[in-house]
1. Could you figure out which of (1) modelled with pLDDT of 95 or more; (2) in contact with a helix residue (DSSP H, G or I) (Cβ under 7 Å, 6 or more places away or on another chain) isn't true of residue 161?
2. Just to be sure I understand the filter: pairs with C-beta atoms under 7 Å, separated by 6 or more residues or on different chains, first member in the range 7-34 and free of Cβ contacts under 8 Å to residues at least 60 places away in the same chain, second member in a loop (DSSP other than H, G, I, E, B) and surrounded by 11 or more Cβ atoms within 10 Å (Cβ to Cβ). Which pairs pass?
3. Filter the range 165-220 down to residues that are at pLDDT 95 or above and at positive phi, then give me how many there are.
4. Counting just the residues of the range 74-84 that are touching a helix residue (DSSP H, G or I) at 6+ places or on another chain (Cβ under 9 Å) and surrounded by fewer than 18 Cβ atoms within 10 Å (Cβ to Cβ), which one comes out nearest to residue 105 (Cα to Cα)?
5. Could you check the range 60-139 for helices (runs of 4 or more DSSP H) lying wholly inside it with 1 or more residues that are without any contact (Cβ under 8 Å) to a residue 60 or more places away in the chain and under 26 Å from residue 150 (Cα atoms)?
6. Which pairs do you get when a residue that is farther than 14 Å from residue 160 by Cβ, found in the range 208-227, comes within reach of a residue that is modelled with pLDDT of 75 or more and surrounded by 18 or more Cβ atoms within 10 Å (Cβ to Cβ), reach meaning Cβ atoms under 9 angstrom, with the pair 6+ apart or on two chains?
7. In the range 17-35, what residues are buried (at least 16 other Cβ atoms within 10 Å of the Cβ) and at pLDDT 90 or above?
8. Quickly run through the range 13-50 and pick out the residues that are closer than 17 Å to residue 97 by Cβ and part of a helix (DSSP H, G or I).
């Protein structure tokens, strides 16, 4: 596959890469969560930590009872921080959980079904105004909790795309997001699984020090003559 595609062929190139990753990793069934609220909580807790730690923190919250926006707001901040300790940065994340729970209560009485009538751009702006929520977290909430066709960009995605030459290495968030949203159909299921494929690639192969043996993108990197991928 030639990734030095023209603008006209970029859509096909991105779809070809997705199919290549999907063939290697299979459908990822991401994001895990029983309810949209659980996905929102997970999006906050997963900041700067592994998902296994998030699972432990969410299990603590559920076992404590009152796993809802109203329920978490009733908890003392110190108690909430203790429950989510496995996720790391627990004092900061407790405040962030409180902030988004308060937003949910104020915005719609914590009834996420009411969000469906609100335009995506408006919701994104509101989420970004909440302390501790950046573009990746906001877009994760929009895509995975609210089924909005917004592409989520993370470090894995930027790193891999930079290495194969589709973007300047470590390009900014907006630039990478527009690459996908301007060249692919705005499809929730595609964006959901495509992001998860980049995560799988980044964890298994496209690390800071790449592990290229068995990598589905190895041929592309070699064709680009990336000398440091050995």
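The values are calculated or read from the model by the stated rules, or taken from the named source; none is laboratory data. Every value quoted in this text rests on a predicted model; they were computed, and no experiment measured them. Cβ sites come from the backbone with ideal geometry, for glycine too, and all protein chains shown count toward neighbours.
1. (1)
2. 16/1
3. 0
4. Let us first name the residues in the range 74-84 that are touching a helix residue (DSSP H, G or I) at 6+ places or on another chain (Cβ under 9 Å), namely 75, 77-84.
Next cut, surrounded by fewer than 18 Cβ atoms within 10 Å (Cβ to Cβ) only: 77-79, 82.
Values: 77: 17, 78: 21, 79: 20, 82: 23 Å.
Among those that are touching a helix residue (DSSP H, G or I) at 6+ places or on another chain (Cβ under 9 Å) and surrounded by fewer than 18 Cβ atoms within 10 Å (Cβ to Cβ), it is 77.
5. Details: elements: 69-74, 77-83, 90-108, 120-128.
Counting at least 1 such residues, we get 69-74, 90-108, 120-128.
6. So the pair list comes out as 213/205; 214/205; 223/164.
7. 17, 18, 20, 21, 22, 24, 25, 28
8. Hits for the range 13-50 are 36, 37, 38, 39, 40, 41, 42, 43, 44, 45.
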